[in-house]
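Note sheet for the following structure.
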Amino acid sequence: PPSQPPAERVPNPRSYALSPQSLKILGESVHSTLDDRLGYYDSMQVWQANSPSTLTFTSRDLDADPEKSTYLGACCEDQALVATLWEEIQAAEVTECLTDTRLKSVKCGDSTMLASAQTEDGSIIRASVLVGADGGNSWVRKAAGISRIGGEYEQHALTFTVSLTDPIMRRAFQRYLVDGGPLALLPTYSPKHAVVVWSTSPETLSEWKGACDEDLVHHLNSCLREGPQRVPSFMEDNMNQSWSAGGIFSNIAYGAERVLDAVHYGLAMASQHPNPTFLVPPTISGIASPKFTFPLSCFQATTYVKGRIALVADAAHTVHPMAGQGLNLGLADVRALVDSLEKAHSSGMDLSSFLHEYNSNRHRSVSVSLGGIHALQRLFRNQDTLLTHAKTFGLNVVQNVGPLRRQLAVAAAHGIAI
Amino acid sequence: GCGGGLLSESLARLGATVTAVDPSIQLVQQAKTHAQLDPKTTSIDYRGGYTVEQLAQEHQNHQLSSSFEGYDVICLLEVVEHVTDVHSVLSSVRSLLKPNTGRLFVSTMNRTVKSNLLAIVGAEYIMGYLPPGTHDWNQFRSPAEIQQLMDEAGLEQVNVNGMVLTKPPLCGQWDWKLDPSDVDVNWIGTYKVKLEDRPQQS
């Protein structure tokens, strides 16, 4: 069993962004054990490389009552979470816990037959319900013959811990860079350390993974701290095309762009948001941990339930990290699955009686979340000028329409579709 | 009327010692096989091809030699609408029920226009939840009619509740709740042995 990571000063970059709802699902006991290992943040500022619009979510968006929502999210190290959960397992009334045991096949079972799993040494384990919680490359999903749809993104992600010159002040930042991929800076339990999650092309990643710390730090700071630039001119994009009608159209296009600029800046500055509209992220002073890369994908299993087998979290679905939803969606699955098991158990029924309800609830909800996040990824990857105007306008609209921004925040926090 | 054993298994898992009776031999055989899947249900005493009258007779015959005081709980759920001689069933049940603390639960459907539309036209013919002809609407009984039959059999009513859906079963999810004010379709009543009537010694 894993043990708690030593109380080092440098947080491990292998971390998750947990919503308050997720910490509620994990329970009081887990939350209080983890409390001083969490990087809480009260706001998340989202903006683009080349436009002035900014979208800032705060904990007030989750709940207007300042007593109730004390934070927007919390960054939690994987090691700390796993060690805490193992302690919970050992304290709970778990009949049997087999470690270092490999399975070689499963049977899904049905109403007349239990599910079963055969271990490599030949013994058979029978169960009313068999839960596959084994991640994106789920062996259980494959062994049960459940297929999935989706694909790998061209982008990969790079993550590492950085040291800061000034404390990050419980704020999270995410900027969509010129190449489209988001660069996120997340608080940790150490105020002068943050976790960087950078999604971009594999070529860019390997270039920077191998670069010296000084160059990387300089590049990160310029990406995060350079002011928003004007949207590139429509005319510049189309220099190669021949505008036979020349003069008049170019003037109209120029005029239209000026109007749009005025609108964007006007909206950005006239934001009704109670907090200041734009905050410059803290300066990064150094790279504080090894760098890890991982591939990104968006997959949805065709079903989460087959016979008496249920899939949860990444085994059921994977998502781009840009919205910080991965584990939140997974924990919402767990809550729904436990509810269906409790419903059966409290009536003395076969535990698998309501698995179909778990499937229809979560499959539908997650499909919409995945669709939304994937659409956002496709949108931001594209650098087309017209699209940039639309995105800018869109971000400004969401920012300024309080109810809409709050709805998005709540939906994200609860891992549900809007 | 244990049928395929759904209720029997639930009660066994919740901690009860269960004797399950049904006139059908085939259904009870299926129930026995299914009960082997869970250690908590293997001890259910299933009697297929057996009626409650026969069970009552069996206990009567052993009365002098056994310390059997009666069952704490007897369930006749969705049974009375399929039975031709309700009085005979209820009399047998009364003799098997523990006096004072024993409780009989009877659930059935009320004979109303609404129950005809929902349970027969709706459930059988439109939604296909049940095969057409599963229920004979003329066999449905209101709480008042059942109370009359109980009285004749030496049992008295404790309470009656309607069983209503909390929302339409649109996504295949059936969520029921008890409602004392709506007995128009499905309802369930609780009964006990009438205090003045002691079970007769034969």
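The values are calculated or read from the model by the stated rules, or taken from the named source; none is laboratory data. Keep in mind that what you see is a predicted model, and the values were worked out from it rather than measured. Glycine also receives a Cβ, built like all others from the backbone with ideal geometry; neighbour counts cover every protein chain displayed. Just the protein is used for accessible areas: all its heavy atoms, side chains included, with ligands, DNA and RNA removed. Shrake-Rupley method; radii C 1.70, N 1.55, O 1.52, S 1.80 Å.
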> Per residue, what accessible area does chain B have, given a 1.4 Å probe and all protein chains present, in Å²?
Replying inline: 55
> Carbon and sulfur: what percent of the range A:132-197's accessible surface (1.4 Å probe)?
Replying inline: 56
>> Rounded, prolate or oblate for the range B:1-84? Axes are the square roots of the Cα gyration tensor eigenvalues, ordered a ≥ b ≥ c, and the cut-off for rounded is a/c under 1.5.
In response: oblate
> Which value, in Å to one decimal place, does the Kirkwood hydrodynamic radius take for the range A:316-365 when every pair of different Cα atoms is included?
Replying inline: 11.7
> So what J values fall out for the range A:81-97 if you push phi through Karplus, 6.51 cos²θ - 1.76 cosθ + 1.60 with θ = phi - 60°, rounded to Hz, Gly and Pro as x?
Replying inline: 5, 5, 4, 5, 5, 4, 4, 4, 4, 5, 7, 7, 8, 8, 4, 8, 10
> How large is ³J(HN,Hα) for each residue in the range A:315-332, as worked out from phi by the Karplus curve 6.51 cos²θ - 1.76 cosθ + 1.60 (θ = phi - 60°), to whole Hz, x for Gly and Pro?
Replying inline: 5, 8, 7, 10, 8, 5, x, 4, 9, x, 9, x, 6, 4, 4, x, 5, 5
> Any idea of the total accessible area buried by the A-B contact, 1.4 Å probe, rounded to 100 Å²?
Replying inline: 900
>> So, for the range A:76-225, what is the accessible surface per residue at a probe of 1.4 Å, expressed in square angstrom?
In response: 51
> What ³J(HN,Hα) values, in whole Hz, does the Karplus curve 6.51 cos²θ - 1.76 cosθ + 1.60 give for the range A:36-50 when θ = phi - 60°, with x put for Gly and Pro?
Replying inline: 7, 9, 9, x, 6, 9, 9, 8, 10, 9, 10, 8, 9, 6, 10
> Between residue A:100 and residue B:137, what is the label-to-label distance in nm when each label sits 7 Å out along the Cα-to-Cβ direction?
Replying inline: 7.0
